[in-house]
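S.K.: This is the structure I want to talk about, given as structure tokens.
The values are calculated or read from the model by the stated rules, or taken from the named source; none is laboratory data. From a predicted model like this one, the values you see are computed outputs, not experimental measurements. Glycine also receives a Cβ, built like all others from the backbone with ideal geometry; neighbour counts cover every protein chain displayed. Accessible surface is based on the protein model in full, side chains and every heavy atom, while ligands, DNA and RNA are left aside. Shrake-Rupley method; radii C 1.70, N 1.55, O 1.52, S 1.80 Å.
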There are 2 protein chains.
Amino acid sequence: MVSVLLIPQSLAYAMLAGLPPQVGLYASLLPLLFYAALGSSAFLGVGPVAVLALMIAQTLAQAGPGVSPTEAALVLAAEVGLIMALAALLRLDALASLLSRPVLHGFETGATLTIAASQLPILLGSPVQGSDLIELGRGLIDTGAAWHGPSAIYGLAAVALLLLARRLGVRLAPLLILLLAMLIAMGTDAVSAGVRVVGTLPPLQMMLSMPRLQADLWASLLPGALLVALMGYVSSLAVAESLGRRARLRVNPRHELRGLAAANLAAAFSGGMPVAASFSRSALMFDAGSRTRMSGVFVAIFMGLALLILATPLAWLPKSVLAASILVAVLSGLSFAPYWQAWRYAPAEAALMLAVTLLLMFWSIAAALGLGVLASIALLLQRTAKPHVALIGRVPETEHYRNVERHSVECLPEVMGLRIDESLLFINVRSLGDVVQAHLRQHPQTQRIVMMMSPVNAIDYSGLEALRELHDALARQGVRLDLSEVKGPVLDRLKAGGWERWFKGRVFLSHHQGMVDA
Amino acid sequence: MVSVLLIPQSLAYAMLAGLPPQVGLYASLLPLLFYAALGSSAFLGVGPVAVLALMIAQTLAQAGPGVSPTEAALVLAAEVGLIMALAALLRLDALASLLSRPVLHGFETGATLTIAASQLPILLGSPVQGSDLIELGRGLIDTGAAWHGPSAIYGLAAVALLLLARRLGVRLAPLLILLLAMLIAMGTDAVSAGVRVVGTLPPLQMMLSMPRLQADLWASLLPGALLVALMGYVSSLAVAESLGRRARLRVNPRHELRGLAAANLAAAFSGGMPVAASFSRSALMFDAGSRTRMSGVFVAIFMGLALLILATPLAWLPKSVLAASILVAVLSGLSFAPYWQAWRYAPAEAALMLAVTLLLMFWSIAAALGLGVLASIALLLQRTAKPHVALIGRVPETEHYRNVERHSVECLPEVMGLRIDESLLFINVRSLGDVVQAHLRQHPQTQRIVMMMSPVNAIDYSGLEALRELHDALARQGVRLDLSEVKGPVLDRLKAGGWERWFKGRVFLSHHQGMVDA
């Protein structure tokens, strides 16, 4: 059943990547087997995926002349596999958390729109080609937006049938529509009518070939390979986790990385292209009850048979029909809801999401991902940069202490309660002293300050020095500094660092104790 | 009094920067006046400083041939001034917090050792020159470690006298020793004995000259200018803040930046070099009771007079004596205590400190600062990357809840209390669900989870989505998610983001309430 979806998708995504369609089929055979052997999820449909296909198309454009895209794709798959294997060895799987949700959502939307735009000319039989919007726009101007009637009829009819089948929930439809299109094209001799078809497949000797060992080719593809590896890993992990949660199965990120590395290396040696887990096919395998990794083996065997049977009719498949299946598949996942939700919650992050989308559509995937990660980190640093220090007082007749600006609470004249609302890290400690001194200026009778440390999750070395400077400055002013509710791990570190040599105050288990005891 | 220290220092630091000594004097005149007019601190001794001098020397080495160091220094000062002015306009003063304490300590030590190493050959009359250790080492090998007796006698005698004077606390000593050396050199005709002296100063027409407008020169100096501006600003701010705290005076970072911008632009138009606040001179002004910015004006006027009087004898000052004054000044500030303290507190940060020192000594200042900042950010991200989620129970007969692993506390069978010990940010939310599910597997009877949010200082958009996914996953498992002690600002944001549309649990003011109420 999954093979039914896999065949049209693998043909289409290979075309999207600018490769001959059969490369997609090859990339669905051995990689699936190797993932089944080394991966951790039982239901992950590994093979060609749309977003990676777009990244592959942009990366292959970097390869010099004299190298066929097919050869470059093998090298790229080998690099992706090696990078993933190295990352698994070095336990770099945590780097995936650098991709924040705004970057991921922005990326998905931008990639979907770019993919759709790149398929539109093929759907309409226009000669325009390109893997980004600027190339496509230039092509559109050069050709005067020419299109080709018979091709467009095939394409638009396929779109209509696919949408209808989706509405009715007929799962076999994509494959049937493809077969139908092949038969009609064969019967009516579509090629002589000018319809561009997939064409004769080369024999199977591409299987078990070596990727070309050529240093400058490997070097030119390396930056793209890093991005493909990162995105392939993150998107596959997301699929594995969201399906895994439904079945209460745990996903081991490092094992996933290992399985994907094996799948990509397999693709590199069997005429394929870089692969990852597809959400639609994985969900199908999951729904079909796949809980052992043998399912992947069956899918691969079925694909191998299909490859032998389909070789001849595939030559007659109109490219506009393949474009139709890509368009329908990617546009069904398009959603603008995250932009609106992020805008309501945090406008800066919504702006980041939109920026990633626009950068991807009008510049490049590398720029969108790179700047997106940097901007995420900058936002995180900015968020932790201002230490929020709240003056707190006692909620009458309880032992709870709350911000005086938000609650009606009682304060003592000579003992000041402050709550440090942030970990003390280098990015924010510069102003710690200033903020405390500002509170002190407003309450000049203060003789003792009790700092509530329950929101302080960590103190780095810069924070330690700032705390010591604050302690010493207060001591010179005749004010004693006490702490309350210091977290266990934080206190352990302070003690290990020998703070008893300079810290003269007391540490209280509860803030209330600290306020009332002397 | 400050002038007494300023004259030898400004001569010496100009030489350290690879510039004629009088450039240092020029850089002490107008810049001081302009800082007095536009800065915010009354006691900041702005002028040439040792660490910047080293950075200037390394930057000037980047200028192409055909440009004299003096001219390049003017362009550099102009760029530093413009960068500071731009930063003040764009309110970028917060960028200074990117320099963590480990980076600053590592930088100071590395710079001090490099400065000392660069002055040692001059002190001994060796022809070796260089602004980094590798250059110096190569020179030492090339010359066979040659040295020059009479120069070395001047230098070593000056070191001995300076150390003695420092021990006795004679403040006038540096200037007197310089004058003495000049007189002896003049009387004994040191030049014919082969002692290298400062030499005849060019006339004062360098004053009020324009920095050369030449695009490639400006471009080649720009990276260095950015670093000089950053370091000049950070070190001056540190001086202003540490002295300001003693007098309970507030420092306005943006006004400091404006004052330093004016001082550097003044240096660029009056034959100077980039300037910043010197700790030793500022401390002297502070001790002398300077509390209005007129003090700076007096120092500048005195310097102008000294320049006119000293022009002739200055030509006879042996360079080895200047080197002696640099050596004694910088080595007195050398301290390895921070390495040891950081090692005890956080070995990773101690390693960072040492790496910055070594990079600075054996590679370049730019590499040391750049990699140091990146490593600081990586450590910060790593520190916040693992969400610490603690299972908490009630301290018997109180309303306090503590980690079950550290305290002997009571738990309920069907209500689980969890404390999220970290802000929910993109870098750590990926595993939030996993951690909660792991606790749930150990307590399968749980029907309700109360998450204590008091340590959660912020939730970004990725955190919001992760919280929603956790909430929905728990709902599917029949477990209700409640929150307690959510901070005011965090709750405000959640409400603004429309969370009531999906959040079905309750929010309690105190965790105890959340545990016992239904």
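S.K.: Quick one: which residues, 5 or more positions from B:LEU418 or on another chain, have an amide H under 5 Å from its amide H? H modelled 1.01 Å from N in the peptide plane, none for Pro or chain starts.
M.R.: B:ILE392, B:VAL450, B:MET451, B:MET452
S.K.: Which value, in Å², gives the accessible area per residue of the protein assembly as shown when a 1.4 Å probe is used on the protein heavy atoms?
M.R.: Working: 42710 Å² over 1036 residues.
Solvent-accessible surface per residue comes out at 41 Å².
S.K.: Turning to a different aspect of this structure: Quick one: compute a quarter of the convex hull surface over the Cα atoms of the range B:1-94 and quote it in nm².
M.R.: One quarter of the hull surface, i.e. the mean projection, equals 6.8 nm².
S.K.: Explain nothing, just the number: relative contact order of chain A, from Cα pairs under 8 Å at least 6 residues apart, as a whole percent.
M.R.: Result for chain A is 22 percent.
S.K.: Measuring label to label, 7 Å along Cα→Cβ, what does A:GLY478 give against each other copy in nm, shortest first?
M.R.: Result, one decimal in nm: 6.6.
S.K.: Please name whichever of B:LEU317, B:GLY224, B:HIS105 sits farthest to the positive end of the charge dipole of the protein assembly as shown, dipole taken about the Cα centre and charges placed at Cβ: Lys and Arg +1, Asp and Glu -1.
M.R.: It is B:HIS105, whose Cα lies furthest towards the positive end.
S.K.: Turning to a different aspect of this structure: For A:LYS504, list the lysines whose Cα falls under 22 Å from its own Cα; do not include residues on the same chain fewer than 8 positions away.
M.R.: A:LYS487, A:LYS495
S.K.: Taking a label point 7 Å out from Cα toward Cβ, give me the nm distances from B:ASP492 to the same spot in the other copies, shortest first, one decimal.
M.R.: 3.6
S.K.: Which percent of the accessible area of the protein assembly as shown is formed by carbon and sulfur heavy atoms (probe 1.4 angstrom)?
M.R.: 65
S.K.: Still on this structure: Set the Förster distance to 30 Å, then compute FRET efficiency between A:PHE336 and A:ALA61 from the Cβ-Cβ distance, nearest 0.05.
M.R.: That pair, A:PHE336 with A:ALA61, gives E of 0.55.
S.K.: If you average 1/r over all unlike Cα pairs in the range A:331-455 and invert the result, what Kirkwood radius do you get in angstrom?
M.R.: 17.9
S.K.: Given a 1.4 Å probe and the protein chains all in place, what does the accessible area of B:VAL195 round to, in Å² to the nearest 10?
M.R.: Result for B:VAL195: roughly 10 Å² accessible.
S.K.: With each pseudo-label sitting 7 Å past Cα toward Cβ, what's the A:ALA160-A:ASP492 distance in nm, one decimal?
M.R.: The answer from the label model is 6.9 nm.
S.K.: Which FRET efficiency value, to the nearest 0.05, do you get for A:ALA152 and A:SER68 by plugging their Cβ-Cβ distance into 1/(1 + (r/R0)^6) with R0 = 41 Å?
M.R.: Taking R0 as 41 Å, the efficiency between A:ALA152 and A:SER68 is 0.90.
S.K.: Continuing with the same structure: Calculate the mean, over all residues of peptide A:300-306, of how many other protein chain Cβ atoms lie within 10 angstrom of the residue's Cβ. Walk me through the numbers before you get to the answer.
M.R.: Working: counts 0, 0, 0, 0, 0, 0, 0.
Average neighbour count from other chains, rounded to a whole number: 0.
S.K.: B:LYS319: which lysines have alpha carbons under 17 Å from its alpha carbon, excluding same-chain residues fewer than 8 sequence positions away?
M.R.: Result set, ordered by chain and number: empty.
S.K.: Could you work out the mean projected area of the convex hull around the alpha carbons of the range A:375-518, in square nanometres to one decimal?
M.R.: Answer in nm², one decimal: 8.9.
S.K.: Charges only on Cβ, +1 for Lys and Arg, -1 for Asp and Glu: so what's the dipole of chain B about the Cα centre, in debye to the nearest 20?
M.R.: The dipole magnitude comes to about 780 debye.
S.K.: Next question. Tell me, what are the semi-axes, in whole angstrom and largest first, of the equivalent ellipsoid of chain B as set by the roots of 5 times the Cα gyration tensor eigenvalues?
M.R.: One finds semi-axes of 59, 23, 21 Å for chain B.
S.K.: Okay, next question. Would you mind calculating the gained length between A:GLN445 and A:GLU399 on full extension (0.36 nm times residue separation, minus the Cα-Cα distance), in nm to one decimal?
M.R.: 14.2 nm
S.K.: 7 Å along Cα→Cβ for the label point: how many nanometres lie between B:GLY304 and each equivalent label in the other copies, listed shortest first?
M.R.: Inter-copy label distances (nm, one decimal, shortest first): 9.3.
S.K.: Taking 0.36 nm per residue of sequence separation and subtracting the Cα-Cα distance, how much length would be gained by fully extending the chain between A:LEU176 and A:GLU135, in nm to one decimal?
M.R.: 11.4 nm
S.K.: List, largest first, the extents of the alpha carbons of the protein assembly as shown along their principal axes, each in whole Å.
M.R.: Largest to smallest, the principal-axis extents are 111, 77, 48 Å.
S.K.: Okay, next question. Between the range B:485-517 and the range A:70-134, what is the C-alpha centre distance in whole Å?
M.R.: 39
S.K.: Could you put A:SER320, B:SER192 in order of accessible surface area, largest first, with the 1.4 Å probe and the full protein assembly present?
M.R.: B:SER192, A:SER320
S.K.: Using the Kirkwood radius built from alpha carbon pairs, what does the Stokes-Einstein equation give as D for the range A:82-195 at 37 °C and 0.692 mPa s, in µm² per second?
M.R.: 187
S.K.: Can you bin every Cα-Cα distance in the range B:437-518 into 10 Å intervals starting at zero and give me the percent of pairs per bin, rounded to whole numbers?
M.R.: Answer for the range B:437-518: a P(r) of 17, 52, 30, 2 percent.
S.K.: Where in chain B are the DSSP H helices whose alpha-carbon span along the long axis reaches 24 Å or more and whose Kyte-Doolittle mean is at least 0.5?
M.R.: Counting only whole DSSP H runs, the qualifying helices are B:69-89, B:101-123, B:149-168, B:215-246, B:294-314, B:365-385.
S.K.: With a 1.4 Å probe on protein heavy atoms only, work out how much accessible surface B and A bury together, total over both chains, in Å² to the nearest 100.
M.R.: Answer for the B-A pair: about 6500 Å² buried.
S.K.: Summing -39500 (n - 2.57) over the DSSP H runs of n ≥ 4 in chain B and dividing by its residue number, what mean residue ellipticity at 222 nm do you reach, to the nearest 500 deg cm²/dmol? Walk me through the intermediate numbers first.
M.R.: Numbers: 22 runs with 315 residues, N = 518.
Mean residue ellipticity at 222 nm (helix-derived): -19500 deg cm²/dmol.
S.K.: Can you work out the PRE-style zone for B:LEU222? Point 7 Å along Cα to Cβ, and I want the residues of the range B:346-382 with backbone N under 19 Å.
M.R.: B:366-367, B:370
S.K.: How much space per residue, in cubic angstrom, does the convex hull of the C-alpha atoms of the range B:253-350 take up?
M.R.: Enclosed volume per residue, from the Cα hull, is 190 Å³.
S.K.: Oh, and also: Using a 1.4 Å probe on the heavy atoms of the protein chains only, list every residue of the range A:416-430 that has 40 Å² or more less accessible area in the complete assembly than in its chain alone.
M.R.: The answer is A:LEU425, A:PHE426, A:ILE427, A:ARG430.
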